[in-house]
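Comments concern the structure below.
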Amino acid sequence: MEKSVSNNHHLHLRTMLTLSQPPPSSSASFKTQLRAFPKRLTVRASAGRRHCEFSSLNAPLEPRSLVGKFLGGVLQNRRQLFHVVAKEELKMLSEDRDSAIARMIISQNSDEALLHRRIAKVKEDECMVAISDVMYLLILYKFSEIRVHLVPKLSSCLYNGRLEILPSKDWDLESIHSMEVLDIIRQHVSTVTGLKSNPSVRESWETTPIRHSWLARVYVASILYGYFLKSVSLRYTLEQSLNHGLHPGQKSCPSFHDMYPFRSKDVMLGNKNDMQSVWHDLIRQEEGIEDIKCYVMSFHPDSFQRCAKLRSKEAVQLVENHSNALFGNGKSGLSQHDDVIVTSFSSLRRLVLEAIAFGSFLWETEDYIDNVYKLKDHEVK
């Protein structure tokens with residue numbers, strides 16, 4: 001274990017030395033940037049952080065690995081170099097993991113076989129934590145590009161049992177989606193919150209009681225929904241460009257209201273006795289857009305499963321850790337108290353839109369990382 005920790009420190013020293021010297025093939029301007037890179041990065045901290053403060057320093061989840069903490073410093077201090085450094089870290093993590101596995105394979109028939117198996121397992125676990133951190137920071141970078149900060153831990157935004165999230169940032173969170181997908185998302189938001197698509201200011205600021213556990217489940221389900229929509233919309237666009245489209249003679253799809261009869265307020269208060277997986281209920285939202293709904297309905301079950309599930313174990317771990325940090329109380333994970341809290345429909349909408357954007361960014365980030373560092377497949381049992 002000590003050897004593993006030492007290797008991590010060496011990895012960061014190696015990274016810092018690389019950044020302090022210009023690569024031979026770099027352009028002159030990039031060389032200048034790298035020469036100016038500090039040998040030691042510090043994250044700017046604000047003294048006396050305000051209650052429920054929205055900032056990149058106040059995201060619910062904090063990096064746990066040295067790689068994550070280092071990249072967090074790069075994101076704060078040298079944003080223009082963030083993707084360059086992140087890619088280098090991914091390459092080094094991949095090399096370190098592959099080296100440990102290679103040594104384990106070579107030593108299979110030797111006296112050191114058990115030792116190298118343990119080293120490889122420790123390295124694999126360390127890399128999974130580091131990759132989840134890198135994934136999270138890449139997602140934070142994408143949110144920063146649309147000038148949105150993640151909602152901080154909800155415990156810091158509760159005032160006497162009332163939750164209020166400001167500013168709403170609805171337009172910014174919707175701006176990442178195409179118009180066709182945005183219509184589906186708006187129907188999803190309307191269904192889970194009970195707020196109509198184009199509410200008045202008065203309607204948006206009306207309050208409603210909700211259960212803490214329901215809000216947490218809907219947030220996670222909306223992350224998966226955003227992930228699903230990103231996967232499906234890209235696949236749909238690709239097949240449309242190849243002139244496949246819908247099957248000839250295919251008719252309109254069933255009505256959304258026929259398939260989703262229960263009221264969202266009943267679900268919010270936990271009154272739906274046969275409440276199944278929130279995700280399974282919410283997956284039906286795309287019926288408002290006939291083309292995409294019919295496209296999804298034409299999926300083979302295996303294809304549907306591939307689009308709906310997170311592809312990697314690292315992504316599964318990230319979603320779990322982020323939701324625990326957002327809705328939990330300290331280090332205890334999700335709150336054990338299923339309290340009823342009061343919040344506005346505007347705040348509910350903000351949380352759902354953020355979760356959908358998180359899922360969409362997660363799909364893109366997972367795809368980007370997998371091209372540099374092979375992620376572990378998530379097998380659904």
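The values are calculated or read from the model by the stated rules, or taken from the named source; none is laboratory data. Everything numeric in this text was worked out from a predicted model, so none of it was measured. Every residue, glycine as well, gets a Cβ built from its backbone with ideal geometry; the counts of neighbours run over all protein chains shown. When the accessible area is computed, the model is the full protein with side chains, heavy atoms only, and any ligands, DNA or RNA have been set aside. Shrake-Rupley method; radii C 1.70, N 1.55, O 1.52, S 1.80 Å.
When the listed pairs Lys121/Lys374; Lys230/Lys313; Lys313/Lys374; Lys69/Lys153; Lys196/Lys309; Lys69/Lys169 are checked against a 23 Å cut-off, the alpha-carbon distance exceeds it for Lys196/Lys309; Lys69/Lys169. One chain, two ends: Leu242 and Ile105. Fully extended at 0.36 nm per residue, the span grows by 44.9 nm beyond their Cα-Cα distance.
The residues neighbouring Ser200, those whose beta-carbon lies less than 15 Å from its own, together hold a net charge of 0 under the Lys/Arg +1, Asp/Glu -1 convention. Using the Karplus relation 6.51 cos²θ - 1.76 cosθ + 1.60 with θ = phi - 60°, the per-residue 3J(HN,Hα) values for the range 69-83 come to 5, 5, 5, x, x, 5, 4, 7, 9, 9, 4, 5, 9, 4, 5 Hz, with x marking Gly and Pro. Distant-in-sequence amide contacts of Leu61, defined by a placed amide H-H separation under 5 Å and a gap of 5 or more residues or a different chain, comprise nothing.
Counting only protein heavy atoms and using a 1.4 Å probe, what share of the accessible area of the range 123-225 belongs to carbon plus sulfur, as a whole percent? For the range 123-225, the apolar C and S fraction of the accessible surface comes to 53 percent. Between the amide H of Ser312 and those of His378, distances stay under 5 Å, these residues lying 5 or more places away or on another chain, with hydrogens modeled in the peptide plane. Taken per residue, the accessible surface of the range 153-202 reaches 53 Å², heavy atoms only and a 1.4 Å probe.
The order of His188, His83 by accessible area, most exposed first and with a 1.4 Å probe, is His83, His188. Shown are Thr207, Thr365, whose ranking by accessible area with a 1.4 Å probe and every protein chain present, most to least, is Thr207, Thr365. Spatial offset of the range 124-196 relative to the range 59-73 amounts to 19 Å, using the alpha carbon center of each.
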